[in-house]
Structures are given as C-alpha cells and as structure tokens.
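Heads up: the structure comes next, in structure tokens.
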Amino acid sequence: MGVSHPDPNGAPDLTPIQVGEVWENPRTGERAKILELPYANADGRAVAELTALVGARVVGEHYHPALVERFTAVAGELTVLRNGQTTILREGETALIEAGVWHDWWNATDRDARVRVEITPGERFAHMIESFYGLARLGHTNAEGMPNMLQLALTGAELSDTMVLRSPPPAVQRVVFGVLAPIARWRGYRATYPQLSRTVLAPRS
C-alpha cells in the first residue's frame, strides 16, 4: 500500500458551491450537475442530474444507513441492482432506494445515460461525493475509483453514516479499519481534506 493522498495541510477550497456546476469522477465515468443544494430547502434534499457515461459504474455495491435516494431516468438506460434484483431504468422511470437497501448501478449500453438523482437528507452525502470524486480526480484511487485501504480506513469510518460498502463485509471493515486507522494517520492520511471539503467549509451564497 503506497502513500497516495492529498496534502493534509493543503489550502482549503472556499469557493461557494453554485447550482449548475458539474462535479466529475474521471475513474467511474460519473458527471453530476448540481440542481439543488441541501441547505436551500426545508427537507435538506440534494438534487443533481447525473450523466453516466458509457461504461460508467458507481464505486461499488453499498447501502445508505440514513438517507433515501431516488433515481429518475431522463435519457438513456441505467441498470440498477437492488437487494439482488436487477432492473433497467428507462426514460421516465423511477427507482427508489430506501435507507439500508443494498444497491449498485451501471451503464451497460452504448450511449450515455442521464438520470435525475435526489438524496434526502443530502448534505453529508454531498461531502462524501465531493471526497470520493476529488480523490479520483487527483489520482488517489484505483482505476475503478476506489481509494486504497489506508484511505478507506479513515474516510470509510468518518462517512459511514452516508455509505457502507459491501466488500469487504462491514464486520471485516470495522476490524481492519480499526487496525489500519492509526497507521494511516501516521502516514499523513486524513478522513477528509480541506481542499475537498467545500460542502462544509465554503461560504453559502
């Protein structure tokens, strides 16, 4: 496991987040155009239009402990796995992912898919997305967008209220991450980084 992380003392990015800006994960093939910010509505809902490029796949099967995710296909098709059942989401169709439901998704077609994604509550989720997308963008993940185990030991624990990965099994994660966490901190890793934390550090316009 090589050292691969952003500067833990890097200057924070304090650029306010704007509706209409696009966040991209170059490893997974995801582009998210922000449509609604979670602190701009009473429900704390975050909304984005996700473009899943040809071959795009989310970082891994997972569940969200305390949020609800709604996918509505706008164009193209998205394959969605929910609790072991695979369905294809076509234009106008919606998939609701309740808290605690194992799920995965990918674009298995030869054209990009556009999907409206609503997450409630969405503020912590947005920080998780910002962190994972940012690590991928800066070259600190593998080809599938997954950070190494030292990074996951900290980020996975810090953001476990937003997402839990299926592999390795959560019970194994708790043990392994507990062992690796002090090593990761000693080697300069942090759970989150100031340059990838606009959701919590930047002024809200």
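Key figures for this structure:
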{"item": "Phi to ³J(HN,Hα) by Karplus 6.51 cos²θ - 1.76 cosθ + 1.60 over the range 116-130, Hz, x for Gly, Pro", "result": "7, 10, 10, 10, 9, x, x, 5, 5, 4, 4, 5, 4, 4, 4"}
{"item": "Packing-based order for 124-131, 84-91, 140-147, using average beta carbon neighbours within 10 Å, highest first", "result": "124-131, 140-147, 84-91"}
{"item": "Nearest 10 degrees, 0 to 90: helix 170-186 Cα axis against the chain principal axis", "result": "50 degrees"}
{"item": "Cβ-Cβ FRET estimate between A66 and D110, R0 fixed at 35 Å, reported to 0.05", "result": "0.45"}
{"item": "Neighbourhood charge, 12 Å Cβ-Cβ cut-off, centred on T72 and excluding it, Lys, Arg +1 and Asp, Glu -1", "result": "-1"}
{"item": "The range 1-72 shape via C-alpha gyration tensor axes, a/c threshold 1.5", "result": "oblate"}
{"item": "Nonlocal amide H pairs with G29, under 5 Å, H built at 1.01 Å", "result": "none"}
{"item": "Carbon plus sulfur fraction of accessible area for the chain, probe 1.4 Å, in percent", "result": "54 percent"}
{"item": "Probe 1.4 Å, protein heavy atoms only - accessible area per residue of the chain in square angstrom", "result": "47 Å²"}
{"item": "The chain: calculated mean residue ellipticity at 222 nm from DSSP helix runs of at least 4, using -39500 (n - 2.57)", "result": "-7000 deg cm²/dmol"}
{"item": "Gyration tensor verdict on the range 95-161 (Cα atoms; rounded if a/c is under 1.5, prolate if a/b is larger than b/c, oblate otherwise)", "result": "oblate"}
{"item": "Dimensions in Å of the range 103-205 - Rg and Dmax from alpha carbons", "result": "15.0, 45"}
{"item": "Pair V164, L96: separation of 7 Å Cα→Cβ label points (nm)", "result": "2.2 nm"}
{"item": "Principal-axis tilt of helix 149-158 within the chain, Cα atoms, nearest 10 degrees", "result": "70 degrees"}
{"item": "Virtual spin-label span in nm between N41 and R174, 7 Å along Cα→Cβ", "result": "3.4 nm"}
{"item": "Inter-centroid distance (Cα atoms) of the range 75-103 relative to the range 135-205, Å", "result": "26 Å"}
{"item": "Unit charges at the beta carbon, dipole of the chain: most positive-side option, Q195, A126, N25", "result": "Q195"}
{"item": "Inter-label distance, nm, simple model (7 Å from Cα along the C-beta direction), A157/V22", "result": "3.7 nm"}
{"item": "Student exercise, the chain dipole from Lys, Arg, Asp, Glu Cβ charges, in Debye to nearest 20", "result": "440 debye"}
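The values are calculated or read from the model by the stated rules, or taken from the named source; none is laboratory data. Please read these numbers as outputs of a predicted model, since none were measured by experiment. Please note: Cβ atoms are built from the backbone with ideal geometry, for glycine as well, and neighbour counts cover all protein chains shown. To get the accessible areas, we keep the full protein, side chains included, count just its heavy atoms, and leave off ligands, DNA and RNA. Shrake-Rupley method; radii C 1.70, N 1.55, O 1.52, S 1.80 Å.
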